[in-house]
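The values are calculated or read from the model by the stated rules, or taken from the named source; none is laboratory data. What you are looking at is a predicted structure, and each value in this text was computed from that prediction instead of being measured. Cβ atoms come from the backbone with ideal geometry, glycine included; neighbour counts cover every protein chain shown. Ligands, DNA and RNA are stripped out before the accessible areas are found, and what is left, the full protein with its side chains, is counted by its heavy atoms. Shrake-Rupley method; radii C 1.70, N 1.55, O 1.52, S 1.80 Å.
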Amino acid sequence: MTRILLKDQISRLKDQFGSDIAVVSNLDSLDELFRKYIGRNGLLRDLTSTIKDLSAEEKRTCGTELNQLKDFLTSKLEEAKMTLKRKLEGGEKIDYTYPFSAQTGREHPLYSTFEEIITIMERLGFEIVEGPEIEKEEYNFDFLNIPKEHPSHDIWNTFYVSEGKVLRSHTSPVQVRTMLSKKPPIKIVAPGKVYRPDTVDAGHLPVFHQLEGLYVDENVTLPHLKGTLEVLAMQLFGEVETKFRASFFPFTEPSLEMDVSCVICKKKGCPTCRYSGWIEILGAGMVNQKVFKNVGYPENKYSGFAFGLGIERITMIKYQIQDIRYLIENNFRFLKHFI
Ligand code: DAH
């Protein structure tokens, strides 16, 4: 017997073992296989006895191979025994009466708010459009009348991606894209993610969501804007009062911000409204004629209104969430409140 011959014998024995074990159907015949292969007078023993005349070195290598063969056979036989036993005991038992407590998923509160707002706006005749998150710097700023040297540029702290490209810092560039691609009447809302390199705290995240609104036609007036936003606020928060304050945005003139009466304390004063009774929910205004000029619309032919709101902020007011970070933590105990 040489080592080569032994290897050949081992592989033949494995083949034979493979076909034997494949047809075993009860524990008795499995016992028989134990005896046939690794029993005291079994085939493994026969093979082992053939190496006794080899040189010491060959004996060692062949011995190792035979030991591996023994391990292989033993583990296969044990495995087959377990499988057979399980089968004979009636297979895996399933208790159909065991209480079923799978946790079902559902929409994230942020997206429920998004959906709700979009549905309201659709009912008011606004069409949904989307723009890219990596945006041309000039659409994010210049076309909106926010030149680089203007101090208001700093309000929109911005991530730069490459020369002339930014991660949009607001959804307002979608206004520009829409107006560049078609003539009025335009009546759109643009939902989406926006990015600002802010430090994370209870009120700020570097990625958040906005909804932009734009209505342009001949003879769109400030009362149209107020009426639209009042309907939005009522449908979103129920019976609330609204109030408009003068403000400033480079792309609207005049500009305003809308407050709603505090949904938590009903104007009595609480930490959420900082004891003022009012909560600011959005920025808006009449589209600045300079923006119309930038997109190539004829002078003084059209008028329009625009508004932008933060979805996280609305969600937090609506569900009385104190810290914006809850919205991204995926903490099931928190999300469960919304099921
Ligand atoms: N883009 C503004 C921001 O991110 C929000 C905004 C204010 C949008 C007034 C508008 C608007 O369309 O008219 O702070």
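Data table
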read-out	value
Set Pro184, Pro151: member being of a type outside the set (S, T, N, Q) and surrounded by 15 or more Cβ atoms within 10 Å (Cβ to Cβ)	Pro184
Residue under evaluation Leu77, criteria (1) assigned by TED's automatic domain parsing to the domain that holds Phe307; (2) touching a residue at least 40 places away in the same chain (Cβ under 8 Å), criterion not met	(1)
Ala56 vs. criteria assigned by TED's automatic domain parsing to the domain that holds Asn26 and within 15 Å of Leu33 (Cβ to Cβ)	no
Qualifying residues in the stretch 179-229 (those that are farther than 21 Å from Ile120 by Cβ and of a type in the set (Gly, Ala, Ser)) - the one farthest from the chain's Cα centre (by Cα)	Ser181
Test: Leu211 is in the same structural domain as Gly285 (by TED's automatic domain parsing), touching a strand residue (DSSP E or B) at 6+ places or on another chain (Cβ under 9 Å) and either touching a residue at least 12 places away in the same chain (Cβ under 8 Å) or not in a strand (DSSP E or B) (or both)	yes
Top-ranked residue in the stretch 33-69 [being among the basic types (Lys, Arg) and within 14 Å of Leu6 (Cα to Cα); ranked as most open to solvent (accessible area, probe 1.4 Å)]	Arg60
Evaluation of Ser169 against (1) under 19 Å from Gln289 (Cβ atoms); (2) among the polar types (S, T, N, Q); (3) touching a helix residue (DSSP H, G or I) at 6+ places or on another chain (Cβ under 7 Å) (one fails), failing number	(1)
Residue count for the stretch 22-32, restricted to those that are out of contact with any Lys or Arg (no Cβ under 9 Å at 6 or more places or on another chain) and buried (at least 16 other Cβ atoms within 10 Å of the Cβ)	1
Residues (among the charged types (D, E, K, R) and within 26 Å of His150 (Cα to Cα)) located in the stretch 213-259	Arg245, Glu253, Glu257
Verdict on Glu116 being of a type outside the set (S, T, N, Q) and open to solvent by 70 Å² or more (accessible area, probe 1.4 Å)	no
Those residues of the stretch 279-320 which are of a type outside the set (Lys, Arg), more than 25 Å from Pro147 (Cβ to Cβ) and surrounded by fewer than 19 Cβ atoms within 10 Å (Cβ to Cβ), in sequence order	Glu280, Tyr319, Gln320
Selection count where residues are more than 26 Å from Leu84 (Cα to Cα) and among the hydroxyl-bearing types (Ser, Thr, Tyr), scope the stretch 4-57	4
Pair list, Cβ under 8 Å, 6 or more apart: the stretch 99-125 residue in the same structural domain as Phe307 (by TED's automatic domain parsing) and within 17 Å of Leu229 (Cα to Cα), other residue assigned to a loop (DSSP other than H, G, I, E, B) and among the acidic types (Asp, Glu)	Glu115/Glu107
Total residues in the stretch 236-252, condition touching a helix residue (DSSP H, G or I) at 6+ places or on another chain (Cβ under 9 Å) and near the ligand (Cβ under 10 Å from one of its atoms)	5
Failed criterion for Leu225 (all others in (1) within 12 Å of the ligand (Cβ to nearest atom); (2) touching a helix residue (DSSP H, G or I) at 6+ places or on another chain (Cβ under 6 Å) hold)	(2)
Index of the failed condition, Val174 passing every other in (1) in contact (Cβ under 8 Å) with a residue 12 or more places away in the chain; (2) more than 26 Å from the chain's Cα centre (by Cα)	(2)
